[in-house]
Amino acid sequence: MERAFTPLDCLLPTGNLKFCLLILNQSFDKGHFHCLWSKAALRACADGGANCLYHITEGSQDSFLPDYISGDFDSIQPEVKEYYKVKGCELIETMDQDLTDFTKCLQILQKKIEKKGLQIDVIVALGGLGGRFDQTMASVETLFLARNITPFPVIVIQECSLIYLLQPGKHKLCVDTGLEGAWCGLIPIGNSCESVTTTGLKWNLTNQVLKFGTLVSTSNTYDDSKIVTVETDKPLLWTMAIKR
């Protein structure tokens, strides 16, 4: 079955996708923040993500209170933690050091979605692609783990980049929102992909192997069809530019 998805729909004020928002511990600009916040069915911060939320909403923090903050609380600033505690935000301490705060926050989010009976289409994580390279790779690892945590697709957005893990099978990506930047890529991270076929790209693939040391599709771009199709035999990371 072909999976159809518009990755940047969540950034459109008139977009149709219903989603939950998870804020990670990396600074982000206001860019699309207000649109994401206003449309989210549920809003969460992973540990130090609360710092980012607190500072980016300076002067109007009362209007931007997350539903919960989770983590081992080694990153959240004491004054920020106290502020949200006084405001009645739920603080959930998760001490497991084998999982990142992003992964643990996602686990809690899925339980809350089920408990509240929320009807959503996607989970959007804001942050996680800038700063330290090891933390960026940890965000990618969470996308792999997410397959066993939530049935919903998870996308990670920061500034001009988006990542989304394509599962084995056929995918139809709509790239017609007007927010798409010039570049896109398919990264065979975590495993080699023995057979990848695409349409809608300037440099398409036909039953090709994507593998580090062999071929990685970076700095690709689109043709004029506004639709990208990808068929892959293994999980494959889709990345794309967002206009700023």
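The values are calculated or read from the model by the stated rules, or taken from the named source; none is laboratory data. Model, not experiment: these values are computed from the prediction. In this analysis, Cβ positions are derived from the backbone assuming ideal geometry, glycine residues included, and neighbour counts consider all displayed protein chains. For the accessible areas, the whole protein counts, side chains as well, though only heavy atoms, and no ligand, DNA or RNA atoms are used. Shrake-Rupley method; radii C 1.70, N 1.55, O 1.52, S 1.80 Å.
Observations on the model:
- Residue check for Met1: free of Cβ contacts under 8 Å to residues at least 40 places away in the same chain and assigned to a loop (DSSP other than H, G, I, E, B): no
Every residue, every condition in (1) part of a strand (DSSP E or B); (2) farther than 14 Å from Ala125 by Cα; (3) modelled with pLDDT of 95 or more; (4) small (Gly, Ala, Ser), yes or no:
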position	(1), (2), (3), (4)
Leu17	no, yes, yes, no
Cys20	yes, no, yes, no
Ser27	no, no, no, yes
Ala41	no, no, yes, yes
Glu79	no, yes, yes, no
Tyr84	no, yes, yes, no
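- Gly130 being modelled with pLDDT under 95 and not polar (S, T, N, Q): yes
- Conditions (1) more than 30 Å from Lys243 (Cα to Cα); (2) open to solvent by less than 30 Å² (accessible area, probe 1.4 Å): number failed by Phe19: (1)
- Note on the range 101-115: residues that are open to solvent by 50 Å² or more (accessible area, probe 1.4 Å) and under 16 Å from the mean Cα position of the chain (by Cα) total 1.
- Residue in the range 90-106 that is nearest to Glu141 (Cα to Cα), counting only those that are in contact with a Cys (Cβ under 9 Å, 6 or more places away or on another chain) and not in a helix (DSSP H, G or I): Thr94
- Hey, Lys85 of a type in the set (Lys, Arg), out of contact with any helix residue (DSSP H, G or I) (no Cβ under 7 Å at 6 or more places or on another chain) and within 24 Å of Ile157 (Cβ to Cβ) or not: no
- Search result, residues across the range 172-200 that are under 12 Å from Pro235 (Cβ atoms) and either part of a strand (DSSP E or B) or open to solvent by less than 10 Å² (accessible area, probe 1.4 Å) (or both): Leu186, Ile187, Pro188, Cys193, Val196
- Complete set of residues in the range 50-73 that are in a loop (DSSP other than H, G, I, E, B), in contact (Cβ under 8 Å) with a residue 24 or more places away in the chain and open to solvent by 40 Å² or more (accessible area, probe 1.4 Å): Leu65, Asp67
- First in the range 74-85 and within 19 Å of Asp96 (Cα to Cα), second anywhere and part of a helix (DSSP H, G or I) and polar (S, T, N, Q), Cβ under 9 Å, 6 or more apart: Ser75/Asn51; Ile76/Asn51
- Qualifying residue in the range 116-136 (condition: basic (Lys, Arg), surrounded by fewer than 17 Cβ atoms within 10 Å (Cβ to Cβ) and closer than 23 Å to Cys10 by Cα): yes
- Residue ID - least open to solvent (accessible area, probe 1.4 Å), chosen from residues in the range 22-47 that are farther than 16 Å from Pro66 by Cα and in contact with a Leu (Cβ under 7 Å, 6 or more places away or on another chain): Phe28
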